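Each value in this text was obtained by applying a stated rule to the coordinates, not by laboratory testing. Just so it is clear, the model here is predicted, and its values are computed rather than measured. Note that we place each Cβ from the backbone using ideal geometry, even for glycine, and neighbour counts take in every protein chain shown.
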Amino acid sequence: MAYGAFAGGVHPAYNKELADRRAIEEMPLPEQLVVYFTQNLGAPPEPIVKKGDTVRKGQVIAEAKAFVSAPVHAPTSGTVKSIDMFPHPVGTDMPAAVIEPDGEDAWAEGCNVERNTDSLGPDEIKKLVQGGGLVGMGGATFPTHVKLSPPEHKKINILIVNGAECEPFLTADHRLMVERADEIIEGAALFARVLGVERVVVSIEKNKPDAIETMRSRSADRKGFSVAAVNVLYPQGAEKQLIYSITHRKVPTGGLPMDAGVLVQNVGTCFAAYEAVRFGRPLIQRVVTVTGSGVAEPKNILARIGASFEDLVRFCGGISGDTGKVISGGPMMGVAQYSLGASVTKGTSGVVFLRRDEIPQYVNDPCIRCGKCVTACPMRLNPSALSIFAERMAFDKTDEFNVLDCIECGCCAYVCPSRRPLVHHFRRAKAEVRKKAKRAG
Amino acid sequence: MEEKAPETKPEGKQPTEKKPEVGPRFLVSSSPHMHGGQAVGDIMRLVIYALVPVTLFSVFVFGLAAVRVIVISVVSAVIFELLWQRIAKRRVAVRDCSAVLTGLLLALNLPATSPWWMILVGTFFAIVIAKQIYGGLGYNPFNPALVGRVVLLISFPVQMTARWVTPSKWGMSAVTTATPLSRMRESLLSQGRIDLHLSQREWIDLLIGNRAGCLGEVSVVLLVLGGIFLIAKKVISWHTPASYILTVWALTGIFHLADPTRYANPSFHVITGGLFIGALFMATDYVTSPITPRGMLIFGFGCGVITVVIRLFGAYPEGVSFAILLMNATTPLIDRYTKPAVFGAVKKKAAA
């Protein structure tokens, strides 16, 4: 297969033009910030603030007790008004601290201090990344320091900086690459130093020529850096597919990128690493694309963690009355919201507003076995068979047909002429298979 | 059809809270939240479009008799589907055009002289027995149009195989004749050898369809045209037809080389009979054929072997329908053993 491509995938309407020319705008501090304690994959960190506490910007409000966990910091200075359950973008209610800004936006001690990064060793960088609460900002929210700590015998020799941004509508990474290229490159260089990696490949889908151009010119004098223009093919930004596109290495099933000798970091995470390591600024803000035909003025917003979707909407001039769906993340893999009550987390790459007439209705019509899903599946599964097993609740069979390898990218459902809710079936099957494995010990 | 306005809030649960801070409520469902837009009906319609040239050509060569067969078949197929879905209280899904396609395919597999009642028997078996009783589109193990045809072939052999007419420009002078394949078989049975010396003119006639046969099977050129259209539109993949046709060509070629007096030229085998309509339009039926490319190759190969065995050694001059139906039965098995290798699959010594 050609460089920059992988088997399967689909070409959804990208709709990036809504926001891809809009410069990142910083949103003013809202009246309150709802900061969830759990913002990472893995163990939830433990809250260490209580109602009435005053906090400073960058102060830790939830401590990581386990290794696969990331601390959470106060996004501004102010008072903890309450600690309660709030709707989390993933769909359930989660505990969060409500912080009322005092307007000073004053940094905690030790934060926001510039440091010379040239002399920092791998362990020091890793510690700063861990302390900064960094997680994968493409949406997976896996703690970054864990990815930087491969076991001794796993040799990583390529760092892929993921700027593919293959989700339709989203332009946050695109804008970041155009506007903050130097910082991203610095951050990536820090990651490379931690792992002793000599080859860094910034991969960007070909539909972002300005980002490719910028990243190319800014990294030209860097040893080991290159920019790869990869095909516009969803899900190009999925880790395993991107690794294959660029290196032709396959991550073994059930394995991690490190098993293929590769580390993948999102461009946003690289930027955050630079901020954390160079300036001691923990991860308290991120770029969020607020877009879709339902929103008055699509924007790329630099928002504090904890700003509610309602605040974002207000900053973008409101939403139209026929908005039928609000999606946290992109429309292919994002989570539909029942209200605007959720708040920005470290993994919120965008909020997409779709009008009612744009929303496809998935129904459970019978599979006609056309095989379009088999062609589209980038993991080379048989979604048709899997969905039929899942309907019959034959979860053992779904396991046998490798449902656990499903990355939930949605290509199968996107092409299904019977409009079967395939990803829904596979989520259920995966949960059942895992539950059974757990019971079996 | 009543248009139901989306509910903004659940009924009976309007709490005393101040104005809902969360604003309007939105639809919640599993991702993805986009769709490519293609529906089952779109695919069925594409297949019907692909059959338009063949259908028009059959009208051109067989005249009004062809129109009669096609209209009776299509209309009765749709009516049977509609009636059954009403009686069985299933969702009426006539609009997906699958019954139209089944009716059209059956018509194209019938001789122009078919009596009306026979066509009705055929569409009844195709729609009600072969498809709806199993649960409708998606659940039928056998290709409905072929079930209809084979039921007729076995039940009414005279009407199905002995009353061919030569194409004769509209007038339908009804010169009773035989298909090329049955002519060959007869000479083989009576003289112990085939009597097959075709001029270039006759080859061209065979290709464009100026010969006796079922409505839709006669014009290889137009069938291929339709097939290319479907492959280009990604409705079917090349695997099944290529594997099927090549298998027939290779196998009959081997026999031809061994004994040219008994076994005909492979190219003759390939372009006569119902091979092209079968390979392009029947063996590629989604529901009843394998779903993976490897499975399709095996399926096509199996169809080819059975077709050749029936043609050369069986009681019928033609074996395409039987071959595809028999292979339909093996589809679940083929699917099971041609599970695609997962991306990043770790190679094991032997498959478990």
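A compact table of results
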item	result
Principal semi-axes in Å for region A:32-191 [√(5λ), Cα gyration tensor, largest first]	28, 19, 18
Sites A:Leu404 and A:Arg314, calculated FRET efficiency, Cβ-Cβ separation with R0 35 Å, nearest 0.05	0.25
Which of B:Met44, A:Met177 has the fewest Cβ neighbours within 10 Å, and the rest in rising order	B:Met44, A:Met177
For chain B, the Rg and Dmax computed from alpha carbons only, in angstrom	24.3, 98
Charge dipole magnitude, Cβ of K and R +1, D and E -1 - the protein assembly as shown, Cα centre, debye nearest 20	2220
Separation of the B:Tyr337 and B:Leu82 label points, Cα + 7 Å toward Cβ, nm	4.5
Rounded tilt (10° steps) of B:220-232 against the dominant C-alpha axis of chain B	20
Inter-part distance where region A:30-45 and region A:213-251 are each reduced to a Cα centre, Å	31
Computed E for B:Tyr139/B:Val52 - FRET, C-beta separation, R0 35 angstrom, nearest 0.05	0.80
For chain A, Cys with no neighbouring Cys Cβ under 4.7 Å	A:Cys111, A:Cys166, A:Cys270, A:Cys316, A:Cys367, A:Cys370, A:Cys377, A:Cys406, A:Cys409, A:Cys411, A:Cys416
Relative exposure of A:Asp396, A:Asp20, A:Asp221, judged by other C-beta atoms within 10 Å (fewest first)	A:Asp221, A:Asp396, A:Asp20
GluC sites (Glu not before Pro) restricted to DSSP loop in region A:164-204 with at most 13 other C-beta within 10 Å	A:Glu198
Gaussian network model of chain A, springs between alpha carbon atoms under 10 Å - residue of A:Ala96, A:Ala238, A:Ala220 with greatest fluctuation	A:Ala220
Ellipticity estimate at 222 nm from DSSP helix runs (n ≥ 4, -39,500 (n - 2.57)) divided over chain A, nearest 500	-8000 deg cm²/dmol
Proxy reagent accessibility, fewest Cβ within 10 Å first, across A:Ile284, A:Ile125, B:Ile87	B:Ile87, A:Ile125, A:Ile284
Label-zone membership for region A:1-44, site B:Ala345, 7 angstrom Cα→C-beta point, backbone N under 20 Å	A:1, A:6-9
Flagged links, alpha-carbon separation over 28 Å, of A:Lys57/A:Lys299; A:Lys325/A:Lys435; A:Lys372/B:Lys131; A:Lys126/A:Lys299	A:Lys325/A:Lys435; A:Lys126/A:Lys299
Helix B:180-191 axis, angle to chain B major axis (alpha carbon atoms, nearest 10°)	40
Total lysine pairs under 25 Å (Cα atoms) in region A:139-283, excluding pairs fewer than 8 apart on one chain	16
With Cα atoms, 0 to 90° folded angle of helix B:239-258 axis to chain B main axis	20
DSSP loop GluC sites (Glu not before Pro) with at most 10 other Cβ within 10 Å: longest gap in chain B	B:18-352
Fraction of beta bridges assigned by DSSP in chain A that are antiparallel (%, nearest 5)	60
Cα centroid separation, region A:136-165 to region B:189-242 (Å)	57
Candidates B:Val28, B:Val75, B:Val287: whichever shows maximal mean-square fluctuation once chain B is modelled as a Gaussian network with Cα springs under 10 Å	B:Val28
Positive dipole terminus of the protein assembly as shown, leading residue within A:Met94, A:Ile407, A:Val230 (C-beta point charges)	A:Ile407
Diffusion coefficient, µm² s⁻¹, Stokes-Einstein with Kirkwood Rh over alpha-carbon pairs of the protein assembly as shown at 10 °C and 1.306 mPa s	53
Within a Gaussian network of chain A (alpha carbon springs, distance under 10 Å), most fluctuating of A:Pro89, A:Pro209, A:Pro101	A:Pro209
Antiparallel DSSP beta bridges within the protein assembly as shown, as percent of all bridges there, nearest 5	65
Rough spin-label spacing in nm, given labels placed 7 Å along Cα→Cβ, for A:Tyr338 and B:Val221	6.4
Spacing of the two label points (7 Å from each Cα toward its C-beta) at A:Glu17 and A:Arg249, in nm	3.9
For region A:321-441, with +1 on Lys and Arg beta carbons and -1 on Asp and Glu, the positive-most of A:Cys373, A:Ser418, A:Ala385 along the dipole	A:Ala385
